[in-house]
Amino acid sequence: KRVLVVDCDVHQGDGTAHFEDLGGSGRLFTLSMHCESNYPLRKAKSTYDVGLPDGCNDEEYMIALRDIVGKAFKDVKPDLVVYDAGVDVYEGDKLGRLNISENGIRQRDRWVLDQCVTKGIPVVAVVGGGYDRDVDALSYTKNVLMFGESTNYGSLDV
(Lines give C-alpha, C1' and ligand atoms only; values in the text may rest on other atoms or scores of the structure.)
Protein backbone atom coordinates (compact mmCIF):
# COMPACT_ATOMS: atom_id res chain seq x y z
CA LYS A 1 0.00 0.00 0.00
CA ARG A 2 1.09 3.56 -0.74
CA VAL A 3 0.83 6.22 1.96
CA LEU A 4 1.00 9.96 1.31
CA VAL A 5 1.64 12.33 4.20
CA VAL A 6 0.23 15.80 3.44
CA ASP A 7 1.90 18.09 5.99
CA CYS A 8 0.46 21.61 6.08
CA ASP A 9 2.20 22.76 9.25
CA VAL A 10 4.00 26.10 8.91
CA HIS A 11 7.28 24.33 9.70
CA GLN A 12 8.79 22.00 7.11
CA GLY A 13 7.89 18.34 7.66
CA ASP A 14 11.45 17.30 8.38
CA GLY A 15 10.38 14.51 10.73
CA THR A 16 8.19 12.71 8.21
CA ALA A 17 10.71 13.38 5.42
CA HIS A 18 13.33 11.39 7.35
CA PHE A 19 11.02 8.35 7.36
CA GLU A 20 10.27 8.54 3.65
CA ASP A 21 12.77 5.99 2.44
CA LEU A 22 13.03 3.93 5.61
CA GLY A 23 13.79 0.46 4.43
CA GLY A 24 13.62 1.51 0.78
CA SER A 25 10.06 0.18 0.42
CA GLY A 26 8.89 3.00 -1.83
CA ARG A 27 5.54 3.03 -0.02
CA LEU A 28 5.78 6.27 1.99
CA PHE A 29 5.65 9.63 0.22
CA THR A 30 5.83 12.99 1.95
CA LEU A 31 4.48 16.39 0.98
CA SER A 32 5.38 19.46 3.01
CA MET A 33 3.86 22.88 2.39
CA HIS A 34 5.50 25.31 4.78
CA CYS A 35 6.91 28.81 5.30
CA GLU A 36 10.34 28.68 3.66
CA SER A 37 11.99 31.10 6.11
CA ASN A 38 10.67 29.30 9.19
CA TYR A 39 12.26 26.54 11.27
CA PRO A 40 14.12 24.34 10.51
CA LEU A 41 16.85 26.37 8.83
CA ARG A 42 18.19 23.30 7.00
CA LYS A 43 15.28 21.55 5.37
CA ALA A 44 15.03 17.79 4.92
CA LYS A 45 14.07 16.49 1.48
CA SER A 46 10.43 15.47 1.13
CA THR A 47 8.99 13.86 -1.96
CA TYR A 48 7.24 17.20 -2.55
CA ASP A 49 8.33 20.44 -0.88
CA VAL A 50 6.67 23.83 -1.26
CA GLY A 51 8.37 26.67 0.60
CA LEU A 52 5.97 29.61 0.85
CA PRO A 53 7.07 33.24 1.30
CA ASP A 54 6.44 35.18 4.51
CA GLY A 55 3.03 36.85 4.44
CA CYS A 56 1.50 34.34 1.99
CA ASN A 57 -2.27 34.96 1.90
CA ASP A 58 -5.32 32.70 1.46
CA GLU A 59 -5.46 32.91 -2.32
CA GLU A 60 -1.73 32.27 -2.85
CA TYR A 61 -1.85 29.42 -0.35
CA MET A 62 -4.79 27.67 -2.02
CA ILE A 63 -3.22 27.96 -5.48
CA ALA A 64 -0.03 26.32 -4.20
CA LEU A 65 -2.00 23.65 -2.27
CA ARG A 66 -4.17 22.66 -5.23
CA ASP A 67 -1.15 22.43 -7.52
CA ILE A 68 1.09 20.31 -5.30
CA VAL A 69 -1.58 18.04 -3.79
CA GLY A 70 -3.09 17.46 -7.22
CA LYS A 71 0.34 16.49 -8.57
CA ALA A 72 1.07 14.24 -5.59
CA PHE A 73 -2.28 12.42 -5.88
CA LYS A 74 -1.72 11.88 -9.59
CA ASP A 75 1.88 10.66 -9.17
CA VAL A 76 1.55 8.61 -5.98
CA LYS A 77 -2.00 7.24 -6.28
CA PRO A 78 -2.15 6.84 -2.49
CA ASP A 79 -4.10 4.12 -0.70
CA LEU A 80 -4.06 6.21 2.50
CA VAL A 81 -3.50 9.90 3.23
CA VAL A 82 -2.20 11.17 6.57
CA TYR A 83 -3.12 14.85 6.79
CA ASP A 84 -1.41 17.23 9.24
CA ALA A 85 -3.74 20.23 9.40
CA GLY A 86 -1.29 22.72 10.88
CA VAL A 87 -3.02 25.73 12.40
CA ASP A 88 0.22 27.66 12.85
CA VAL A 89 -0.34 29.02 9.33
CA TYR A 90 -3.01 31.25 10.95
CA GLU A 91 -2.52 35.00 10.54
CA GLY A 92 -2.69 35.50 14.31
CA ASP A 93 -0.05 32.87 15.12
CA LYS A 94 2.92 34.38 16.97
CA LEU A 95 5.53 32.28 15.16
CA GLY A 96 3.90 31.34 11.87
CA ARG A 97 4.90 34.15 9.45
CA LEU A 98 2.03 33.34 7.07
CA ASN A 99 -1.18 35.32 6.68
CA ILE A 100 -3.90 32.66 6.41
CA SER A 101 -7.31 33.62 7.79
CA GLU A 102 -9.66 31.32 9.71
CA ASN A 103 -11.72 31.05 6.54
CA GLY A 104 -8.56 30.18 4.59
CA ILE A 105 -7.78 27.37 7.03
CA ARG A 106 -11.35 26.07 6.74
CA GLN A 107 -11.12 26.22 2.95
CA ARG A 108 -7.79 24.33 3.00
CA ASP A 109 -9.09 21.58 5.29
CA ARG A 110 -12.34 21.21 3.37
CA TRP A 111 -10.46 20.97 0.07
CA VAL A 112 -7.97 18.34 1.28
CA LEU A 113 -10.69 16.24 2.92
CA ASP A 114 -12.94 16.57 -0.16
CA GLN A 115 -10.12 15.36 -2.40
CA CYS A 116 -9.68 12.25 -0.28
CA VAL A 117 -13.38 11.48 0.11
CA THR A 118 -14.30 12.01 -3.55
CA LYS A 119 -11.39 9.80 -4.64
CA GLY A 120 -12.33 7.10 -2.11
CA ILE A 121 -9.00 7.43 -0.27
CA PRO A 122 -9.11 6.85 3.50
CA VAL A 123 -7.68 9.82 5.39
CA VAL A 124 -6.32 10.21 8.91
CA ALA A 125 -6.28 13.86 9.98
CA VAL A 126 -4.40 15.38 12.89
CA VAL A 127 -4.16 18.97 14.05
CA GLY A 128 -0.65 20.34 14.46
CA GLY A 129 1.11 23.52 15.46
CA GLY A 130 -0.34 26.69 16.85
CA TYR A 131 1.36 29.11 19.20
CA ASP A 132 -0.44 31.62 21.40
CA ARG A 133 -0.27 32.68 25.06
CA ASP A 134 -4.08 32.79 25.05
CA VAL A 135 -4.86 29.10 25.60
CA ASP A 136 -8.58 29.59 24.93
CA ALA A 137 -7.91 31.23 21.55
CA LEU A 138 -5.43 28.51 20.67
CA SER A 139 -7.87 25.76 21.63
CA TYR A 140 -10.57 27.38 19.51
CA THR A 141 -8.30 27.69 16.50
CA LYS A 142 -7.09 24.10 16.72
CA ASN A 143 -10.33 22.33 17.52
CA VAL A 144 -13.20 24.25 16.01
CA LEU A 145 -11.56 24.76 12.65
CA MET A 146 -10.51 21.16 12.04
CA PHE A 147 -13.24 19.27 13.83
CA GLY A 148 -15.89 21.60 12.43
CA GLU A 149 -14.85 20.43 8.98
CA SER A 150 -14.74 16.75 9.88
CA THR A 151 -18.41 16.75 10.89
CA ASN A 152 -19.31 17.50 7.26
CA TYR A 153 -18.30 13.97 6.35
CA GLY A 154 -19.98 11.92 9.07
CA SER A 155 -18.74 8.44 9.78
CA LEU A 156 -16.78 6.78 7.01
CA ASP A 157 -16.37 3.04 6.76
CA VAL A 158 -12.83 1.97 5.93
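The values are calculated or read from the model by the stated rules, or taken from the named source; none is laboratory data. Note that the structure is a prediction, hence the values are computed from the model and not measured. To get the accessible areas, we keep the full protein, side chains included, count just its heavy atoms, and leave off ligands, DNA and RNA. Shrake-Rupley method; radii C 1.70, N 1.55, O 1.52, S 1.80 Å.
Per residue, segment 27-110 exposes 48 Å² of accessible surface when a 1.4 Å probe is rolled over the protein heavy atoms with every protein chain present.
Taking square-rooted eigenvalues a ≥ b ≥ c of the alpha carbon gyration tensor, is segment 1-86 rounded, prolate or oblate, where a/c under 1.5 means rounded and, failing that, a/b exceeding b/c means prolate? It comes out oblate by the Cα gyration axes.
For Lys119, the accessible area of its heavy atoms, probed at 1.4 Å with every protein chain present, is near 110 square angstrom. With 24 Å as the limit, the listed pairs Lys1/Lys45; Lys1/Lys43; Lys1/Lys119 have Lys1/Lys43 beyond it between alpha carbons.
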